[in-house]
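Worksheet for the structure shown next.
Laboratory data are not the source of any read-out in this text; all were calculated from the coordinates shown. In this text the structure is predicted, and so the values were computed from the model without any measurement. Note: ideal-geometry Cβ built from the backbone for every residue, glycine included; neighbour counts use all protein chains shown.
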Amino acid sequence: MEFSLFAHMERIDTSQDHQELYANFIDICKMADEGGMRAIWTGEHHGMEFTIAPNPFLSLVDLAHHTKNVRLGTGTVIAPFWHPIALAGEAAATDLMTHGRLEIGIARGAYNYEYERIRPGMDAWEAGQRMRETAPTLRKLWKGDYAHEGAFFNFPATTTTPKPVQTDGPPIWIAARDPNSHEFAVEQDFNVQVTPLWQGIEEITSLMERFQAAKAKHPNKSPKIMLLHHTYVGRDQDDVSQAIHELSRFYCYFGAWFQNKRPVEQGLIEALSDQEIRDNKLMSPENLARDLTVGTAQEVIDRIKRYEDLGYDEFSFWIDSGMSHQRKKDSLERFINDVMPAFT
């Protein structure tokens, strides 16, 4: 089992400015690097203070100057917002600037809020088709003199400049959920990223079953699979209880953004009341205590051992949570010092 960090700037109010948030983001990422994590993942989102990440390549190039060993991954770029030539070129340039440390995760996107602003009228099905057309072009553009005729893009022979540093280009990961997405990824020999979000071990098991079924259809392929999950390592049970309530609040806001029904002003969604949060039984603290990777160090070890037994190659510590910077740091420090050594 290898370990990575999944992180962004995030806020649900204006109590912290962006400069402070970015300094905190760098601080957390340096901890991951110095603590021996394999990779750092950061994604792409637009117009949302909830996840502040308009271009992950910019963040990763800067992180390369603050870290030494960790791999640097897009977790994820939203494929339907990119032309393949632009995506291949920016990825190759990032690989050059990070001295061959880039990995590129690709997804169809999730928020209708973003779709209706960047590609009005596009739905999740079309977004998925665009992703499936875009992702296979990257290696071909990196190799060079590739012409494309497809449902969404047509262009004459093109070569990405610069070329990536890594032979055959950066490793490619596909964010997959349904069986067809797993099969697409495995058939293309792409790695797979999965997240059960607020769902628990049943979904974690099901996602692995979908991946294994895809591998069985393509036994000559050898992709890896990464589990991305909200994680908190508590000092004691009281600390864990506080974290679970904070994560419940985070997921209530996540659900509000996903439903795309509340007013948004200056990138901030209309605040949820305490009553609205209490009424959201799906995201209740009791459910999240059962279903997220939270607990004391030994409890988190036991949960991740179960994921390892299922066959996951990498566990990514999703740290976005609405918690204070210090609480995030304390949890990550306990993860590095008390949890990761159990897997080496």
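Sorting check: for 139-151, 309-321, which peptide has the highest mean count of neighbouring beta carbons within 10 Å, and how do the rest follow? Numbers along the way, then the final one.
Working: 139-151: 15.4, 309-321: 20.1.
Output ranking for 139-151, 309-321: 309-321, 139-151.
Note on the range 126-278: with charges restricted to the Cβ of Lys and Arg (+1) and Asp and Glu (-1), its dipole about the Cα centre is near 600 debye.
Summary of packing: across the peptides 269-275, 18-24, the per-residue average of other C-beta atoms within 10 Å ranks them, highest first, as 18-24, 269-275.
Under the Kirkwood approximation applied to all pairs of distinct alpha-carbon atoms, what is the hydrodynamic radius of the range 144-285 in Å? Spell out each step's value before the answer.
Working: mean 1/r = 0.0525 Å⁻¹.
The Cα-based Kirkwood calculation yields 19.0 Å.
For the range 175-248, taking Cα atoms only, Rg and Dmax work out to 15.6, 49 Å respectively.
Radius of gyration over Kirkwood radius for the range 1-83, both on Cα atoms: the Rg/Rh ratio is 0.97. Ordering of 52-60, 199-207 by packing is 52-60, 199-207, highest average first (other Cβ atoms within 10 Å, averaged per residue). When only Cα pairs below 8 angstrom with a gap of at least 6 residues are kept, the chain shows a relative contact order of 19 percent. For the pair the range 92-122 / the range 203-234, the C-alpha centres are spaced 21 Å from each other. The angle between the Cα long axis of helix 297-310 and the main principal axis of the chain comes to about 40°, on a 0 to 90 degree scale.
Helix-only mean residue ellipticity at 222 nm, the chain, DSSP H runs n ≥ 4 weighted -39,500 (n - 2.57), per residue, nearest 500. What is it?
Numbers: 13 runs with 153 residues, N = 344.
Estimated from H runs of four or more residues: -13500 deg cm²/dmol.
Note on the range 41-93: percent of Cα-Cα distances in each 10 Å bin, starting at 0 and stopping at the bin with the largest distance, equals 23, 54, 22, 1. Each of ALA185, ALA342, ILE26 was placed along the dipole of the chain (beta-carbon charges, centred on the mean Cα), and the one lying farthest toward the positive end is ALA185. Compared with the rule-of-thumb size 2.2 N^0.38 Å for a compact globular protein, the range 1-156 has a Cα radius of gyration ratio of 1.09. Once divided by 2.2 N^0.38 Å, the Cα radius of gyration of the range 71-188 becomes 1.03. Set the Cα radius of gyration of the chain against 2.2 N^0.38 Å, with N its number of residues, and you get 0.97.
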